Structures are given as C-alpha cells and as structure tokens.
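Notes follow once the structure below has been shown.
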Amino acid sequence: MGLALVLFYFAQSFRLPPNTVDGALILGYLEEMCQGGLPYWNFIDLYGPLNWLFPYLFYRLADQQAWGVNLWMIVLKVITIGITLKLVAKLGNIFFALLSAMVSVLLLGQHWQLLNTPYASHTSYPLVLVVWYLLLYAPYARWRINLIVAGLLTAMILWTKINTGVFLLAAGLFYTFYWAPVPVERAGRKQEERNESRGRYRGFRAAQIAGLLAYGIVFLAYISKHFNAMYFLYLGLPLLICLAWTAREIARRHRAEETIAHHLELWLLYLASTLCAWSAFFLAYYGPKGGLDYLSEQYAILTSMHYEQPFLAPGAKSYYQAFSTYYWLQLPWLLTALFLAWLLLYNRLARDPSGQQASRRARIQLSGLWLFYTLHAFVIYPRSDEAHMFQAIIAAVPVLFLLLFHIEKLLVRRRLKLVRSLLAFTVLWACSTLAIAPNFEVFARDNGDWYGERLRYIKFRPKKLKGVGSTSNHITDHDWDIATNRTSICVDLLTRDGDEVLILTSNQLINYQSKTLPFAGGYRYLFYLLINDLLSRRKLEKLVPREIVYRLLHQPPRVIVSALGLPPMQRHFPEIITLMDEYYEVVQVYAHKLIYLPKLENAPREICGQTPELARSRLQVKIMEKIFKRSWFRD
C-alpha cells in the first residue's frame, strides 16, 4: 500500500516536459546513443559514462520517446526512498525511518523539471547512501566484503559524477582511518596487537593529527576562492566541527581501545578496491591513449569554466518559491545546530551512569554519518543555485532524523508517545509548505500537448503551479511551452530530419523535437556552456576546432532560431548580428522566438502560420519543396 501511494505521488510529474536547456541536451545525447554514439568518443560531456546507462535503456525501451526518461526517474526515486528507509531503520528505528522516507518522498516528488532530468547527482545519490550504509552499519559478517563492495560502488560514483565520488572517497578514507571500529573477526587478535611498541603508536597518532590538518587545509583551500559567510555556515563550520570532534576523540581514546593495524588495513582495502575498480573501467572503456586524451579534455574544460553562482538570501523568493521562502535551503544549518546539541548532551550524559545508553558504537556511527554528510555537502561549491543546493538538502533528510533519534535516546525517558506525536506533527506541518495535491489527470488517455512522437504523452506545464514561479518575467511557463512547441513545428516544416539548425538561445528542445541536429555536433556541449555564460568565447575557441568557429561566422546553417533582445550567442559573437542583418530575414515569430531563413529564398512572412499544427496544407508543401530545391552556403 505504501509503495502504491509513493508511486502515485511520483507519477504526478510523469507527463512534465523536459527542461528546454539541460533536459533537452540530455535527450539529444540519448538520441545520439541510440544511433550508436558514445560519450567522449562521439560527443563531449562532463558526466561519467555510467550516468547514461539506465536513462539510455529506458529511453530505448520507450521507442526513443521522452516519457521513457520520466519513467526511469520515477523508478530511481522509488529506489532512493527504499534505500533511505533501510539506512535510517538500521542506524535508528522504524519511526524515524518512516519520517525520513516521508520527507524524502515530498522533496523528490516536487513538480519540478529539475527532478525529471537524469542529472548525475540524482543517479549517484542512492549509491552514496548505500556506501554510507556499508561503512557505518557493516551488514556483511565478513568485514572485508563491506569495504570491497563500498569501494566498487565508490568507483561507480566516480564514473557517474566525479565531484560526488571524490568527496565520498575522501569521507570513506577519513572514516576508516579515524573512526571505524575493530571488526568482530579481529576481536580475538586484538590483545596481541595491543603490544605494539610505544614509538610506533606515537607515530600513528602523529600521522592522524597530520591527516586532520591536511583535510582542513585542502577543503578550506578548495572553497577559498569564493569563500564568504554563507560558505562558512554551509561548509566551513561543519568541517571544523568534524575535525575538532575527531581530534578530541583520538586524544581521549585509550591505547587499548584500538589497534594501528586494523585502521590501516581498512583504509588500504577501501582505497585499493576503489582504485582498482576505477582503473578497470578506465582501461576497458577508454584504453590507455584514449584515457589520457579524456583526462586532458576534462581538465581543459573544468579549468576553463566560470562555474559559480552565489547563494540566495535566506527566505528570498526564487523560481522554486516555496522551497526558498519556507527556508528549506537552510536545512543544513539545522543539522549543524542539532549535531552540536548532541555533542553537548553526549559529553554531559556520558559521564553519568544513566547516560550509558549512548554506546560507543552509536557514537561512532553518528560521528561517521556527520562526516559523510559534511564532505558530501561540498558538491554545492561554487555553484550554489537551487539545483545544486538540492543535492545537499535531500542528503540532509536521513541525517536529520538520525540526529533526532540519538537526541531522543539521550533525553526522552518518559512520555515518548507524546514527544513523537509532536515531532510527527511538526514534520507534517513542514511538509505542507511543499506538498502538492495529487490527482488522476496524469493517467488520462491522450497523446499529450506536444507535437511529434518524441514528446508523445507529454503535457505543457500548468498555467499555475503551487510553489513554482515562471522562468521569464514576461511570459508564463505554459505560454513558453506553447511558443517552443510552435517553433519546433515550424522548424520541422522548414527542414529535413538530420539537418543542422543553429539555435542562438539556450532552448535546445527545438532541435530535439524537430529532429534536427544542433550546431557543432559533438562539440555542442561547449556551445551550451557558452550560451549559459559558463564559458568565455576566448576559452571556447581554444577548445573547439577552428573550422567550427569559421563555419559559425561564415557558413551558418540555413535555418536560425533566435529570440527578442540579444540572445547569448549573439552577445558572445557579435559578428553573427551583422551576418544575419545582411543575409537573413525573419519569416516567423512565436511569442519571443524568431525564425530566420536566407533572404535569397524570398520566403513569405508567416510561412508556417500562427497555428503551425495546420501548416501542412498543399500550399505549404509546395513552398517547402520550392525552398528545398535551393541551396544555401553549400555549393
């Protein structure tokens, strides 16, 4: 019954259209994969190849239609909820696990295009939770299996989303070197290993202190370029708390409580498992030469990007209005306050016999969990928009309820039901700020609003949706979709499948829907970065072959789609403005979107009509045939 309700809630976004920027770019990649293309070998992208496996599979099984990706996202969300439930139930109890699952369902079920796009962050998040579970709970009796499987999954995450994988690997190495308890299998050998020399033991302690300093220096240096008060609250302060608490732990820990060997063995096994699995995929997919070229390409792109965006002010109104105005973005601050509260309570009650229920195992698990979350949260740097902040918010949910579970164990001894009832009421009230009333419209038997089979069953965005604003200040998202749809129909009428069309704006859905190719082919990702102001023209020209820039400025495609104002491509390449004024003319306008054809074609204005769905009349077909007999920049 619970699974059915979760599926019903997630299904509300099944017919939501893809994002016209990132979502359309990804659909274009999937379409190219269906034609035999592969990441790196046929097109540039910063995501790891493993991110595309399941989106490609579902897209292919859906007959290369966008709803297949939406279906995959529903499956992925259900998997994520199941893993969240398992993690919190094992490290806490079922009550807090259910609360955690409920809040996670609410967040993942938002009617946002962001959550219907197969970003690598969505794909990697459930794997991150599994690694946390393996290292903190150690479900397998043979402790080496937990570490080996965690290492394999960490390598998979590295080949899905590299920064998430790097921060997870750093957290896993920190945990095994400082916090991991002695495995049960080694308990019998512990007495022998306690006889290690005092000098060796002091050397190990010095290495641990040096490691703490290294982690602090490296991670603080990582965020130093754009460091401000917000980054201190989200990242700097939690990191310093984690390092200080770990330093206190190793200072108070008696020599008899641990061995040097078990820390080093766990650390080396996790590191070796990760590196071996990563290297195996690297050599199998890229090969030695291709691998070096891939690493060089990734480095060149990452060091060329301007990938930063400041935080929203607390409570400020944004596109996801309810998410920001109801302070969901400040949830990590609450975690920091709760962890500090737990530290104070634990230190006070641990000296009292009545506080002995806060066992050493619980202390290690919660400290490890805080460590994992703290380093995972670094994924928000340096682009702290809502899409990146969501990665930290969704991961904060299980941590929040496990913190509450441990605080409850320390404080609450009577009236447990009353306390939990108040907590459940508070959680439900918080959820009501984002909750969307589900309905059965998503199951209506129609082909949707969009033109063409690629977007079959997909609807336009609603005219008004609770908690969500509009992309533009001048047009609603519903009208935006209508304009995009009509532009795509007209472009489809003016071109053949596989023709190249130049889109001067960030709206790449026009290419996908009209079955045309984006300009620059396999290098289109770099132009995507340019159009979204993440890459400068100077850096772009260093990364793409000269003939592509030459063709853009001297031999552009026959059909060009622009918009009112100054589109990003024209802002970066002002030469295009002169070229279009001299050789092109507007032949169709839909809202803010403009379609251009060469002046030599003498195409009539309103060539597709204001209702392009009806434009396939005999007259229009004759016009199209006449146009196709001519050539433009191709003789």
From the Cα trace of segment 290-391, what convex hull volume per residue do you get, rounded to a whole Å³? 153
Calculate, for the chain, the solvent-accessible area per residue in square angstrom, rolling a 1.4 angstrom probe over the heavy atoms of the protein chains. 44
Any idea which of 474, 271, 458 is furthest toward the positive side of the dipole for the chain, if Lys and Arg beta-carbons carry +1 and Asp and Glu beta-carbons -1? 271
With axes computed from alpha carbons, what is the tilt in degrees of helix 237-252 against the longest principal axis of the chain, rounded to the nearest 10 within 0 to 90? 20
Largest first, what is the accessible-area ranking of 470, 273 with a 1.4 Å probe? 470, 273
Sorted on mean Cβ neighbours within 10 Å (highest first), peptides 207-213, 15-21 come out as 15-21, 207-213
Placing +1 on each Lys and Arg Cβ and -1 on each Asp and Glu Cβ in the chain, then taking the dipole about the Cα centre, the residue among 349, 122, 389 whose Cα reaches farthest towards the positive end is 349
Note the angle between two axes, namely the Cα long axis of helix 287-304 and the longest principal axis of the Cα atoms of the chain, as a number of degrees from 0 to 90, rounded to the nearest 10. 80
Here the cysteines of the chain lacking a cysteine partner under 4.7 Å (Cβ to Cβ) are 34, 242, 276, 431
Residue-wise HN-Hα coupling along segment 229-236, computed from phi with Karplus coefficients 6.51, -1.76, 1.60 (Hz; x: Gly, Pro): 4, 5, 5, 5, 5, 7, 10, x
Relative packing of peptides 604-612, 112-120 - highest average C-beta neighbours within 10 Å first: 112-120, 604-612
Difference of contour (0.36 nm per residue) and Cα-Cα distance, residue 429 to residue 411: 4.1 nm
Mind giving me the nanometre distance, one decimal, between the label points for residue 537 and residue 599, set 7 Å out from Cα along Cα→Cβ? 2.2
Quick one: of 90/466; 161/317; 161/409, which pairs are farther than 31 Å apart, Cα to Cα? 90/466; 161/409
Expected unfolding gain across residue 305-residue 251 under the 0.36 nm per residue rule, minus the alpha-carbon gap, is 15.2 nm
If each DSSP helix of 4+ residues adds -39,500 (n - 2.57) and the sum is divided by the residues in the chain, what number results at 222 nm, nearest 500 deg cm²/dmol? -18500 deg cm²/dmol
Rounded to the nearest 5, the percent of DSSP beta bridges in the chain running antiparallel is 60
Cβ neighbours within 10 Å, averaged per peptide: list 80-93, 154-167, 26-39 in order, most packed at the top. 154-167, 80-93, 26-39
Assign unit charges at the C-beta atoms only (+1 for Lys and Arg, -1 for Asp and Glu), then state the dipole size of the chain relative to its Cα centre in Debye, rounded to the nearest 20. 2240
Measure nothing but the geometry: give the 0 to 90° angle between the long axis through the Cα atoms of 120-136 and the longest principal axis through the Cα atoms of the chain, rounded to 10°. 10
Simple SL model, points at 7 angstrom along Cα→Cβ for residue 292 and residue 441; separation in nm is 5.8
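The values are calculated or read from the model by the stated rules, or taken from the named source; none is laboratory data. Quick caveat, the model's predicted, so the values are computed rather than measured. Here the Cβ is made from the backbone with ideal geometry for all residues, glycine too, and neighbour counts use every protein chain on show. To get the accessible areas, we keep the full protein, side chains included, count just its heavy atoms, and leave off ligands, DNA and RNA. Shrake-Rupley method; radii C 1.70, N 1.55, O 1.52, S 1.80 Å.
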